[in-house]
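Novice: Submitted below is the structure of interest, expressed as structure tokens.
The values are calculated or read from the model by the stated rules, or taken from the named source; none is laboratory data. Everything numeric here is computed off the predicted structure, so don't read it as measured data. Ideal geometry is used to build each Cβ from the backbone, glycine not excepted, and the neighbour counts take in all protein chains shown. Keep in mind that these areas ignore ligands, DNA and RNA; they rest on the heavy atoms of the full protein, side chains included. Shrake-Rupley method; radii C 1.70, N 1.55, O 1.52, S 1.80 Å.
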Amino acid sequence: MKKIHILNIALTFFMIWAIMFKFEMTEVLDLKISDLFYKMRGAAGISPHVVVVGIDEYSLSTLEVEGDTWPWNRDVYGKLLQKVFEDGAKVVAFDVSFTEPMDENTDAYFASTLLMYGNVVLGTYLINEKETYELFNKKLRERIEQNRTYLDYAYKMINFRELLLMKPFTVYKIRPVYEPFAMAAYSATYEIGTLDADGIVRRMPLLIVEEWARENGISSGILPHMNVIACAIYLGAKPEEMLLDFSKRVVILNGKEVPFDNSGYMHLWYYGKSSNIFKEIPFYDVITGRFERGTFKDKVVLVGYTATAKGLYDLRITPFSNEEAGVFVHATAIENILRSDFLKLPSPFYNSLLVIALMTLLGVLSNFKRKLINVVIPSIPILFVAISYVLFLNRIYVTTFYPVLGYIVVGSVKLVGDFLSESAEKRKMKEFLYRYVPDKVAEELITRGELKLGGETRNVVVLFSDIKGFTSRSERMKPEEVVAFLNIYLTRMSEIIRYKYDGTIDKFIGDAIMAIFGAPISYENDIERALSCALDMRNALKELNKEYGFSLDSGIGIHYGPAIVGNIGAPFRMDYTCIGDTVNTASRIEHLTREVDAEVIVSEEIVRRTDRFLFEYLGEFAVKGKSEKLKLYKLIGKKVEENVKDGGKQVEELR
């Protein structure tokens with residue numbers, strides 16, 4: 001039991017460490033459980049706020065035929081804006097970068113439409129490492145550094161000091177959108193950020209820290225994601241006035257609070273395979289007006305590459321798909337913010353407290369050895385998983401893998417330990433019982449678990465057998481001869497008692513044998529078996545006399561009554577035995593075989609309970625320890641019915 005507690009404590013410390021420091025191997029397994037919960041839940045039916053305009057293979061090939069190969073001239077994007085805003089779109093966000101100039105005329109047209117409609121967010125990419133940025137051409141760096149429009153949307157912040165407790169997504173530089181476009185529209189990064197350990201997208205950064213801006217003292221460098229700006233515009237909040245509360249860990253958009261974790265990420269709540277949830281219209285169909293009117297009314301329109309645009313790879317792995325276009329991940333994030341559908345994960349501290357509580361409960365339960373506990377322990381992780389799933393449906397995911405791991409490991413060790421301990425106890429019990437009872441009786445006792453250690457009162461048949469005059473005869477024999485004969489004699493008698501009549505040998509006292517019928521297992525014919533056993537023991541002794549040339553005789557006494565049966569003795573030395581007045585009476589009856597002409601004497605209690613044997617009444621006898629005389633009988637033999645000439649009955653007599 002001490003080893004179980006050591007294992008429990010060691011495993012608990014490991015799990016707390018794994019939770020706090022995000023041990024990749026176990027973290028992945030915990031994430032997989034959340035994916036399983038998604039699959040158990042299935043797709044969620046919603047009426048999305050987001051419509052995707054897909055840059056797909058159909059649009060790419062059709063525009064190519066019309067003379068506009070990828071990358072397209074910017075006028076097609078201007079046409080797109082015109083079509084969707086005329087249809088009632090509230091916001092358009094581009095999961096496409098516009099960092100360099102192209103054709104002057106089409107660029108001017110796109111810039112004018114951006115300025116006309118206003119509610120457009122242009123996405124761009126990141127330069128993660130300073131070393132990478134320094135490889136850029138010096139003139140290009142100078143041009144990039146002069147374009148600082150995106151810094152206008154840096155978060156307004158409160159409780160700034162608590163940023164020190166966070167590890168936000170940090171990059172060296174955001175590559176700014178081409179300046180004429182940046183002056184006419186909002187801009188921010190569309191990067192999804194750091195993936196989970198298994199490469200699956202389950203979260204999206206709400207804030208990105210740009211080191212270059214902070215390094216040069218230009219801005220706080222704490223900037224919003226493209227999706228946040230799109231939602232702010234949709235909700236009527238000014239992107240320049242978005243508030244970041246580091247104490248509450250929320251972004252505030254016109255009163256709506258969007259939570260983020262210690263790394264500045266929002267955990268996504270997937271509705272299903274996003275390409276099946278959000279409506280997708282091909283880019284070409286939109287610019288040519290081939291869509292149902294009202295499709296974009298009051299919607300956030302996301303423009304990006306879809307899975308069919310094989311040459312423009314932007315595929316992600318989600319809990320529902322191994323090939324989900326990145327634009328649909330952004331659609332999920334925007335929908336989450338607008339609906340307040342956030343998957344909340346308790347902090348590592350609270351998850352650790354949960355693990356400690358459950359493992360402490362397991363430690364308490366491990367102290368018990370009852371079979372019920374071995375049923376309760378496996379049921380706790382099952383119940384916990386069920387509760388965890390219910391919480392998940394309510395958009396809360398508590399760490400599930402670690403408690404289940406703890407219960408499986410410690411519970412399994414306990415179950416195996418209890419099994420081995422029980423098996424060892426059974427082996428010891430078998431070895432113990434095999435000395436007294438037949439093998440099949442021992443097996444039945446262990447299987448049924450009926451042996452009550454410590455003793456119980458039950459009615460039994462007690463048989464005493466002793467060789468008459470053997471003590472004086474043994475004095476004339478060599479010690480080794482005495483031992484050799486006794487071993488043979490006791491073996492023959494024991495085989496009859498144990499294996500032929502399922503009796504229990506209580507003890508050997510020199511050449512005397514005490515046997516019990518009716519304990520530890522009682523049958524309906526205990527008395528008949530004891531009487532038959534006595535007859536066979538007499539016959540076996542006669543055969544031994546012939547083999548060794550002796551003329552030994554034995555006396556057998558049998559009595560029926562209540563006795564205390566069980567393991568009796570000291571903790572270091574116990575015997576399965578039978579004690580009480582019934583035992584003493586049987587012993588006294590056996591001694592009378594030396595005084596009365598009878599080899600097997602039984603009490604009236606025996607005679608009254610069987611009609612299959614023939615007895616001869618011997619009379620009433622006073623025995624030590626009894627105030628009243630006992631009526632005793634001589635066992636003659638079994639009653640055997642068979643056809644004879646005179647139609648009478650024969651008796652198998654005691655020979």
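Novice: Would you say residue 60 is surrounded by 14 or more Cβ atoms within 10 Å (Cβ to Cβ), of a type in the set (A, V, I, L, M) and free of Cβ contacts under 8 Å to residues at least 60 places away in the same chain? Break it down stepwise before answering.
Specialist: Working: surrounded by 14 or more Cβ atoms within 10 Å (Cβ to Cβ): yes; of a type in the set (A, V, I, L, M): yes; free of Cβ contacts under 8 Å to residues at least 60 places away in the same chain: no.
The answer is no for residue 60.
Novice: Give me the helices (runs of 4 or more DSSP H) completely within the stretch 322-395, filtered to those with at least 3 residues that are modelled with pLDDT of 95 or more, ordered by residue number.
Specialist: 326-339, 371-393
Novice: Residue 583 passes all but one of (1) in contact with a Phe, Trp or Tyr (Cβ under 9 Å, 6 or more places away or on another chain); (2) of a type in the set (A, V, I, L, M); (3) at pLDDT below 90; (4) closer than 17 Å to residue 461 by Cβ; which number fails?
Specialist: Every condition holds for residue 583 apart from (3).
Novice: Could you grab me the full set of residues in the stretch 68-93 that are touching a strand residue (DSSP E or B) at 6+ places or on another chain (Cβ under 8 Å), open to solvent by 20 Å² or more (accessible area, probe 1.4 Å) and outside any helix (DSSP H, G or I)? Spell out how you get there, then give the answer.
Specialist: Taking the stretch 68-93 and keeping what is touching a strand residue (DSSP E or B) at 6+ places or on another chain (Cβ under 8 Å), we get 77, 80-81, 84-85, 89-93.
Subsequent filtering for residues that are open to solvent by 20 Å² or more (accessible area, probe 1.4 Å) retains 85, 90.
Selection gives 90 alone.
Novice: Condition first: part of a strand (DSSP E or B), among the hydrophobic types (A, V, I, L, M, F, W, C) and in contact with a helix residue (DSSP H, G or I) (Cβ under 8 Å, 6 or more places away or on another chain). Can you find one or more residues in the stretch 269-278 that meet it?
Specialist: Filtering the stretch 269-278 for residues part of a strand (DSSP E or B) gives none.
No, the conditions are met nowhere in the stretch 269-278.
Novice: Also: Taking the stretch 177-199 on its own, how many of its residues are assigned to a loop (DSSP other than H, G, I, E, B), of a type outside the set (Phe, Trp, Tyr) and open to solvent by 10 Å² or more (accessible area, probe 1.4 Å)? Even if it seems obvious, please write down each step before you answer.
Specialist: Looking only at the stretch 177-199, we keep the residues that are assigned to a loop (DSSP other than H, G, I, E, B), and these are 177-178, 185, 190-199.
Filter once more, keeping what is of a type outside the set (Phe, Trp, Tyr): 177, 185, 191-199.
If we keep only those that are open to solvent by 10 Å² or more (accessible area, probe 1.4 Å) too, we end up with 191, 193-199.
The number of residues fulfilling the criteria is 8.
Novice: Could you pull out the residue among 254, 276, 216 that is touching a Leu at 6+ places or on another chain (Cβ under 6 Å) and open to solvent by 60 Å² or more (accessible area, probe 1.4 Å)? So that I can check it myself, show each step before the final result.
Specialist: Numbers: 276 fails: touching a Leu at 6+ places or on another chain (Cβ under 6 Å); 216 fails: touching a Leu at 6+ places or on another chain (Cβ under 6 Å).
After applying the criteria, what remains is 254.
Novice: Of the conditions (1) under 29 Å from residue 272 (Cβ atoms); (2) modelled with pLDDT of 95 or more; (3) of a type in the set (D, E, K, R), residue 107 satisfies every one except a single condition; which number is it?
Specialist: (1)
Novice: Let me ask something additional. Which one is least open to solvent (accessible area, probe 1.4 Å) among residues in the stretch 113-144 that are more than 25 Å from residue 236 (Cβ to Cβ) and more than 54 Å from the chain's Cα centre (by Cα)? Break it down into steps so the answer makes sense when it comes.
Specialist: Start the filter on the stretch 113-144 by keeping residues that are more than 25 Å from residue 236 (Cβ to Cβ), which leaves 125-144.
Of the ones still in play, those that are also more than 54 Å from the chain's Cα centre (by Cα) are 137-144.
Working: 137: 96, 138: 134, 139: 159, 140: 43, 141: 56, 142: 89, 143: 127, 144: 6 Å².
Residue satisfying both the conditions and the ranking: 144.
Novice: Right, here's the next one. Would a scan of the stretch 245-266 turn up a residue that is in a helix (DSSP H, G or I) and in contact (Cβ under 8 Å) with a residue 24 or more places away in the chain?
Specialist: To start, the set of residues in the stretch 245-266 that are in a helix (DSSP H, G or I) comprises none.
Within the stretch 245-266, none of the residues are in a helix (DSSP H, G or I) and in contact (Cβ under 8 Å) with a residue 24 or more places away in the chain.
Novice: Right, next: Applying the selection to the stretch 152-174, what residues are within 22 Å of residue 92 (Cβ to Cβ) and buried (at least 17 other Cβ atoms within 10 Å of the Cβ)?
Specialist: Taking the stretch 152-174 as the starting set, the residues that turn out to be within 22 Å of residue 92 (Cβ to Cβ) are 152-153, 174.
Within the stretch 152-174, 153, 174 meet the criteria.
Novice: Further question: Mind listing whichever residues of the stretch 44-67 are assigned to a loop (DSSP other than H, G, I, E, B) and either under 21 Å from residue 277 (Cα atoms) or touching a strand residue (DSSP E or B) at 6+ places or on another chain (Cβ under 9 Å) (or both)? Don't jump to the end; show me each part of the working.
Specialist: Of the residues in the stretch 44-67, the ones assigned to a loop (DSSP other than H, G, I, E, B) are 44-49, 56, 66-67.
Those that are assigned to a loop (DSSP other than H, G, I, E, B) and either under 21 Å from residue 277 (Cα atoms) or touching a strand residue (DSSP E or B) at 6+ places or on another chain (Cβ under 9 Å) (or both): 44, 45, 46, 47, 48, 49, 56.
Novice: Which condition from (1) within 21 Å of residue 235 (Cβ to Cβ); (2) in contact with a strand residue (DSSP E or B) (Cβ under 7 Å, 6 or more places away or on another chain); (3) surrounded by 18 or more Cβ atoms within 10 Å (Cβ to Cβ) is the one that residue 332 breaks?
Specialist: (2)
Novice: A follow-up question, please. Here's a check for you: in the stretch 507-554, which residue that is small (Gly, Ala, Ser) and modelled with pLDDT under 90 is nearest to residue 590 (Cα to Cα)? Outline the logic, then answer.
Specialist: At the first step, the residues of the stretch 507-554 found to be small (Gly, Ala, Ser) are 510, 512, 515, 518-519, 522, 530, 532, 534, 540, 549, 551, 554.
The next check asks that each one be modelled with pLDDT under 90; those that pass are 510, 518-519, 522, 549, 551, 554.
On the way: 510: 15, 518: 19, 519: 20, 522: 23, 549: 25, 551: 19, 554: 9 Å.
My answer is 554.
Novice: Now, a different point. Please work out which one of (1) modelled with pLDDT of 90 or more; (2) open to solvent by 50 Å² or more (accessible area, probe 1.4 Å); (3) of a type in the set (Val, Ile, Thr) is the condition residue 483 fails and give its number.
Specialist: (1)
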